[in-house]
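Okay, structure first, notes after.
What follows is calculated from the coordinates using simple rules that are stated; it is not laboratory data. From a predicted model like this one, the values you see are computed outputs, not experimental measurements. With ideal geometry, Cβ positions are generated from the backbone for all residues, glycine too; neighbour counts draw on all protein chains shown.
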Amino acid sequence: MEMNVKLQVFEGPLDLLLHLIDKNKVDIYDIPIVEITDQYMEYVRAMDNSDLDVMSEFLLMATTLLDIKSRMLLPQEEKTEEGEEPEDPRAELVQQLLEYKMYKTISYQLRDRQLDASLVFYKEPTIPDEVLKYQQPVDLEELMADLTLNKLNDIFQQVLKRQDNRRDPIRSTFGKIKKEEVSLEQKMEWTIAFAKAHNTFSFRNLLEAAHSKTEVIVTFLCILEMMKAGQINITQEDTFTDIMIESRIAA
Amino acid sequence: MELKEIENIVEGILFAMGGTVEASKIAKALEIEEKQVVEAINSLKESYAADNRGITITEIDGAYQMCTNPEIYEYLIRIAKQPRKYVLTDVLLETLSIIAYKQPITKSEIEKIRGVSCDFAVSKLVEFGLCAELGRLDAPGRPMLFGTTEEFLRSFGVSSIEELPELSQTQIEEFKIEAENEANNVEVTI
Amino acid sequence: MELKEIENIVEGILFAMGGTVEASKIAKALEIEEKQVVEAINSLKESYAADNRGITITEIDGAYQMCTNPEIYEYLIRIAKQPRKYVLTDVLLETLSIIAYKQPITKSEIEKIRGVSCDFAVSKLVEFGLCAELGRLDAPGRPMLFGTTEEFLRSFGVSSIEELPELSQTQIEEFKIEAENEANNVEVTI
């Protein structure tokens, strides 16, 4: 029999078997196992055996076929004691082939459906800005439903108690030992940089970044130092008004 | 709220949202019954069809999505580029069919039917968004179970798994008859 | 090509494209005159408006775009924007209680009491309308002062801050001592 299957690629051993059955025009329920096995083996021998995974799948089926073939060649068993027909060694393979064939057929139907469905266009969401920008109003009544004045009072007391607990009872009495939060050198550098970047500024401008009383005082010392060095001029219109600083080192 | 008014609101919502929207969600937003929403959508669909309009509404797993009428594809493709998301080879299609009909299913069950390994095919289908992991089977090794997604239904133009071409015992019988006929027609080939 | 047919195709094109589409581009795809496209779009627009439909078409610089009818924003918001549940967390409650009892108060004072940053909490309380900025403290850095709002009082059914439950006398004594100690401790060290 002519073998022109070499060029064809099969999805797997079942695919190849179905092809051989189709090509030989034989009944899937009565596979001429000797014939088909020979053809199958011929194909496998001709296969590119570089892909071991694929190869092993085809070889596994080959052993199944050879097993069936040998069982078919054995003399037919008599009817079993219960009078049942002995099972056809090909039965399991036939079931597998039928099931596979069924899904193969279905997959062609699905392909057609996909083609039809691809004629339809969908679109990305286009949610209007008005909708995207919408902020849900706060429902105070709902938000405050569980809160009472007494509860608020309790919470505040707890907060204060916790603040109290955080304070070390012994150390807190030392009082005067405090870590130097800001170094004069660092603040000096920062203030000079600020003066280089600004022509005129107020003392309050400088204090916006200040986090503590210490830092405010250090900043003030810096200003005095810079005035002494002639880097800045300061003016104050009245007592307690803002001190205006004119930089002489501005770029 | 009158049917016509519901129709108009539903139209605007489906247009703006782009994706699928559940009828129940619309019903809640409009403070009406879900069946009123479904009625409005069906009425809308009919009026689109009656006038052979350029848009239509499709149902996917109980949710609704606005889309174009397939009849205008020819003109549309000249302007819009249909994003070709994936090409399904025979292997992928076969694997997808098995998953679609037997979901939830494990890889080893798929392999048993196809007779070959399916790791690559399944991970491709997951990558394309056509299949997804559904959870683990409570069995030794706790294998992963796979099933199809909403995107699968959309790409294949079906509104639910039940709508897939039937796969029943009768169909298997048909295959049998087909096979027998084939055999009878040729008889002498061995 | 008849006007009705052009309308339907244009409808599908505008829907699928989502963004603006030039009339000339549609005319080219349909192999008709641009003015026929414009005529179809105007007719489509009119029929949308006549039925008060959920979609409409806007013109932007000679290009056209399909969009939702502004009248349905209200419903669209309920669908597109998940309703959020605002809650007063413990952090917010604590911050609120501090502001209520110590107002007017600066953020740094609140931070001193709670021991942690309060920027987020304060801005949330302002967003909720429970607290508001009262003005700046006349001190170095001119920090912002915060206090509770009328809405805050109203939600408790009280008319002034004085009606808040008092802190116990012993507690107030403790605060005094504490405050005095603190004042003594601040003898700047550099």
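Shielding of C:83-91 by partners, i.e. mean partner chain Cβ atoms within 10 Å per residue?
Counting other chains' Cβ atoms within 10 Å and averaging over C:83-91 gives 3.
Based on every Cα atom in chain A, Rg and the maximum pairwise Cα distance Dmax equal 46.1, 126 Å.
Its relative contact order, with pairs defined as Cα atoms under 8 Å and 6+ residues apart, puts chain A at 12 percent.
Among the lysines of chain B, pairs that are 8 or more positions apart or on different chains and have alpha carbons within less than 20 Å of each other number 12.
Placing a label point 7 Å from the Cα of residue A:116 along the Cα-to-Cβ direction, the residues of the stretch B:85-105 with a backbone N closer than 20 Å are B:88, B:93-94, B:96-98, B:100-101. Within 10 Å of the Cβ of each residue in C:61-72, the mean number of Cβ atoms contributed by other protein chains is 4. Scattering from the C-alpha atoms of the stretch A:184-247 alone, worked out with Debye: what is log10 I(q)/I(0) at q = 0.18, 0.26, 0.29 1/Å? Log-scaled intensity ratios, in q order: -0.59, -1.27, -1.51.
Each helix, a run of at least 4 DSSP H residues, gives -39500 (n - 2.57); summed and divided by the residues of chain B, these come to -16000 deg cm²/dmol at 222 nm. Relative to the compact-globule estimate of 2.2 N^0.38 Å, the Cα radius of gyration of the protein assembly as shown comes out at 1.57. Using C-alpha pairs under 8 Å with a sequence gap of at least 6, the mean separation divided by the residue count of the stretch A:184-247 gives a relative contact order of 42 percent.
This model, with +1 at the C-beta of Lys and Arg and -1 at the C-beta of Asp and Glu, gives chain C a dipole about its Cα centre of some 260 debye. Spin-label pair residue B:42-residue A:35: with each label point 7 Å from Cα along the Cα-Cβ axis, the two points sit 5.6 nm from one another. With a simple spin-label model that places each label point 7 Å from the Cα along the Cα-to-Cβ direction, the separation between residue A:109 and residue B:1 comes to 3.9 nm.
If the segment from residue A:66 to residue A:130 were pulled out straight at 0.36 nm per residue, it would be longer than the present Cα-Cα gap by 15.8 nm.
When the Cα convex hull of the stretch C:3-76 is projected onto planes of every orientation, the mean area is 4.8 nm². Model label points for residue B:127 and residue A:236, set 7 angstrom from Cα along the Cα-to-Cβ axis, are 7.4 nm apart. Note: relative contact order over chain C, using C-alpha pairs below 8 Å and six or more positions apart, is 12 percent.
Taking the average, over residues, of other Cβ atoms within 10 Å as the packing measure, peptides A:236-245, B:61-70 rank B:61-70, A:236-245 from highest down.
Need one word for the stretch B:57-120: rounded, prolate or oblate. Basis is the Cα gyration tensor (sqrt eigenvalues a ≥ b ≥ c); a/c below 1.5 gives rounded, then a/b vs b/c decides. Oblate is the answer for the stretch B:57-120, as a/c is 1.5 or above yet b/c matches or exceeds a/b. Per-residue ellipticity at 222 nm computed for chain A from its helices equals -17500 deg cm²/dmol, with DSSP H segments shorter than 4 residues left out and the rest contributing -39,500 (n - 2.57). If R0 is taken as 30 Å, the Cβ-Cβ distance between residue C:25 and residue B:49 corresponds to a FRET efficiency of 0.65. Kindly identify the stretch B:108-148 as rounded, prolate or oblate by the Cα gyration tensor criterion: order the square roots of the eigenvalues as a ≥ b ≥ c, call it rounded if a/c is under 1.5, otherwise compare a/b with b/c, prolate if a/b is larger, else oblate. Note, shape of the stretch B:108-148 comes out oblate. Rounded to the nearest 20, the size of the Cβ-charge dipole of the protein assembly as shown about its Cα centre is 3260 debye, with Lys and Arg at +1 and Asp and Glu at -1.
Cα convex hull, chain C: 228 Å³ per residue, rounded to a whole number.
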